[in-house]
Amino acid sequence: MSDPTVAEAWVAAPLRRLMEDARLISGVLLYPTGRAVGQFGFSNAADVMSICALTSAINASARELGRQLDGKPFYEMHHAGAERQVFMARASATSQEFLFVGVFDRESSLGVVEIYFAEFQKALEKLRPDKQPTVPGPSGDFEGELNRSLDALFGPIGKR
Amino acid sequence: MKAVTQVVAALSHVPGVVAAMVVGAADGLIVETSPMMGSSAAAEDPRKHTAALAAYLYSKVTRASEAARLGNPLFMRLEAEHGQICVVGARDVVLVTIVTPNANLGRVRIDMMTAAKGES
């Protein structure tokens, strides 16, 4: 299992702990805008780029769906496939919001992932540097933000 | 197995049982639970954590038991400093109890195994 690669150093330790404790195969922490903050289990920047874009879109859709069906946004999603399962949830640290998506198999369970994700969220709240949100909101340059975060995780294109 | 509500209610009345739960074997999520006996409202509720980790541990114990060619585990007991956790598998769910150190374990064991088999 490889160590997480991160764009912001303070998330490395909580991500590693979540990966190990919850026995996740892979995972990505990102801003709701789609900008990646950290990842583990991926060696290809294109995969992370796709996951960030899809997670960001799924999160936006799920929130709106929740609002329409239940009057409040859905913040957590789980999909159980035949072999692998996907867990997606919101995490917040002070005023900053993050999304996390993780993949696990029979070596873990949804219950185990949920309890360690709750601990991960507490760690984010505790460790987040005291500063204004890094990404106040969508800048409109979705592709640019995504590429900059991937450069931070995997190195600039051409050196990956 | 009897209705999960009945199982949980019956197990929670066994002397020494602090909490009884029916937990999904695959996902570790609580299906039905009794209240925590003697727990203050301010204290952090340990049931969700216990349920998820006990189900996970039971799945690993099952693999160990199978690897040793012993078949499925019938009863799992984890003895800790301040009490015990007992787990019995029942097809798609596991029964989990948190019990005091001085509980009548024989009674707890029989009642859990009986409940898992669906006998009254």
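The values are calculated or read from the model by the stated rules, or taken from the named source; none is laboratory data. On a predicted model such as this, the values are computed, not experimentally measured, just so you know. When we count neighbours, we look across all protein chains shown, and the Cβ atoms used for this are built from the backbone with ideal geometry, even at glycine.
Please determine whether any residue of region A:60-78 is at positive phi and either buried (at least 16 other Cβ atoms within 10 Å of the Cβ) or in contact (Cβ under 8 Å) with a residue 12 or more places away in the chain (or both). No, region A:60-78 has no match at all.
One line per residue, one yes/no per condition, for (1) modelled with pLDDT of 95 or more; (2) away from chain A (no Cβ under 14 Å); (3) outside any helix (DSSP H, G or I):
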site	(1), (2), (3)
B:Pro15	no, yes, yes
B:Met21	yes, no, yes
B:Ala103	no, yes, yes
B:Thr114	no, yes, no
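Being at the interface with chain A (Cβ under 10 Å from one of its Cβ atoms) and surrounded by 21 or more Cβ atoms within 10 Å (Cβ to Cβ) is a property that B:Val7 lacks. When region B:84-104 is examined, which residues are found to be under 20 Å from B:Ala55 (Cα atoms) and either in contact with a Phe, Trp or Tyr (Cβ under 9 Å, 6 or more places away or on another chain) or free of Cβ contacts under 8 Å to residues at least 40 places away in the same chain (or both)? Residues satisfying the conditions are B:Gln84, B:Ile85, B:Cys86, B:Val87, B:Val88, B:Gly89, B:Val94, B:Val96.
This table checks each residue for (1) out of contact with any Cys (no Cβ under 8 Å at 6 or more places or on another chain); (2) within 14 Å of chain B (Cβ to nearest Cβ); (3) farther than 19 Å from A:Leu150 by Cβ; (4) touching a residue at least 40 places away in the same chain (Cβ under 8 Å).
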site: A:Gly38; (1), (2), (3), (4): yes, no, no, yes
site: A:Glu83; (1), (2), (3), (4): yes, yes, yes, no
site: A:Phe100; (1), (2), (3), (4): yes, no, no, yes
site: A:Asp105; (1), (2), (3), (4): yes, yes, yes, yes
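Of the candidates B:Ala55, B:Ala51, B:Ala42, B:Ala26, the single residue that is within 14 Å of chain A (Cβ to nearest Cβ), part of a loop (DSSP other than H, G, I, E, B) and among the aliphatic types (A, V, I, L, M) is B:Ala26. Given the criteria on the phi < 0 side of the Ramachandran plot and part of a strand (DSSP E or B), does A:Met19 qualify? Spelling it out, it is not the case that A:Met19 is on the phi < 0 side of the Ramachandran plot and part of a strand (DSSP E or B).
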